[in-house]
Amino acid sequence: MCGIAGYFGPLSPGEQDVFLTTTSKHLEHRGPDGIRVWKSQDKQVGFVHTRLAIIDLEMGWQPMIDAATQSVLCFNGELYNFRELRLELESIGHSFSTQSDTEVVLRSLVQWGEGALTRFNGMFAFAFFDPKAQSLLLARDPMGMKPLYYAITNGILRFASELRALAV
């Protein structure tokens, strides 16, 4: 169980830091192995991930960034068919630097966009930022096994794995 949270929109620098710091504290129990924060260059997008390390203990840190596209993924869950998807992605030219299912989700979203969702078998919630399109995709598995809450206030979207993390 990991924790994810973030924002998409023009938060002031002070609000960005307060939101990311406070949500990481609210989600710390979901991922006691480490906390990482990422903000876009223009600071209009920010992610926080609290990690419970299960697969690829050394290299599976998040938020994870695709070097070629600069797309960013913040993922909570488990993709049961990640090995099969990895083989398919490798067969069309993708290379991997980790053994994690997170990197497979990231490369799948880069390759197939929203169409990747139909290929995923597992329990998950994630946020995927595409800097070229300036778009944010929030998704969770069809059964809703992994929680994902969101709120939109004053044109700013905030999301988190737990409702209390949004009460910032």
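The values are calculated or read from the model by the stated rules, or taken from the named source; none is laboratory data. Everything numeric here is computed off the predicted structure, so don't read it as measured data. Heads up, the Cβs are rebuilt from the backbone with ideal geometry, glycines too, and the neighbour counts pull from every protein chain shown. Only protein heavy atoms, including side chains, enter the accessible area calculation; ligands, DNA and RNA are left aside. Shrake-Rupley method; radii C 1.70, N 1.55, O 1.52, S 1.80 Å.
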Practice task
Report the antiparallel proportion of the DSSP beta bridges in the chain as a percent, rounded to a multiple of 5.
Solution key: 95 percent
Handout entry: Principal semi-axes in Å for the chain [√(5λ), Cα gyration tensor, largest first]
Key = 25, 17, 15
Exercise for the section: Can you pull the one-decimal nm distance between simple spin-label points at Arg36 and Lys132, each 7 Å off the Cα toward Cβ? Expected result: 2.2 nm
Handout entry: Loop sites in segment 71-125: chymotrypsin sites (Phe, Trp or Tyr not before Pro), DSSP, at most 15 other Cβ within 10 Å
Key = Tyr80, Phe96
Practice task
Could you estimate the translational diffusion coefficient of segment 82-168 from the Stokes-Einstein equation, with Rh from the Kirkwood formula over C-alpha pairs, at 25 °C and 0.890 mPa s, in whole µm²/s?
Solution key: 171 µm²/s
Completion exercise
Out of Gly77, Gly122, Gly93, a Gaussian network model of the chain with alpha-carbon springs under 10 Å gives the largest mean-square fluctuation to Gly93
Practice task
Return the lysines within reach of Lys25: Cα separation strictly under 18 angstrom, same-chain partners fewer than 8 residues apart disregarded; answer none if there are no such residues.
Solution key: Lys39
Problem - Computed [θ] at 222 nm, deg cm²/dmol, the chain (DSSP H ≥ 4; -39,500 (n - 2.57); rounded to nearest 500) - result: -7000 deg cm²/dmol
Practice task
Could you check how much of the accessible area of the chain is carbon and sulfur, as a whole percent, using a 1.4 Å probe?
Solution key: 53 percent
Problem - Full-stretch length increase - Leu163, Ala67 - with 0.36 nm per residue and alpha-carbon distance subtracted - result: 31.4 nm
Completion exercise
Once the in-chain neighbours fewer than 8 apart are removed, the lysines whose Cα is under 16 Å from Lys43 read Lys132
Fill in the blank from the handout: With the 1.4 Å probe rolled over protein heavy atoms, the chain has an accessible area per residue in Å² of 49 Å²
